[in-house]
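Asks: Structure in structure tokens, see below.
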Amino acid sequence: MVKKVVMLLVVGFGVYYLLTAPAGAADAVSNAAGAVMDAFGQVGVFVNELVA
């Protein structure tokens, strides 16, 4: 029950943030996507080093 309430609060805050500061939300999503891409790139480097 607590987990469901916390999840609803997080989603509600995300929607509120998106509606009140769309530029900031876009920057946050862009930064998160960049971090994920960097992480995948580093995993690729790791696997290449294991194979070599």
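Each value in this text was obtained by applying a stated rule to the coordinates, not by laboratory testing. The structure displayed is predicted, hence computed values, not measured ones.
Asks: Per-residue HN-Hα couplings for region 40-52, Karplus 6.51 cos²θ - 1.76 cosθ + 1.60 at θ = phi - 60°, whole Hz, x for Gly and Pro?
Replies: Along region 40-52, the couplings run 5, x, 5, 5, x, 4, 4, 5, 4, 5, 5, 6, 6 Hz.
Asks: Under 1.5 on a/c is rounded, so check that first for the chain, then, if it is not, pick prolate when a/b is larger than b/c and oblate when it is not; a ≥ b ≥ c are the square roots of the alpha carbon gyration tensor eigenvalues. Numbers along the way, then the final one.
Replies: On the way: a/c = 9.10, a/b = 1.94, b/c = 4.70.
Verdict is oblate for the chain.
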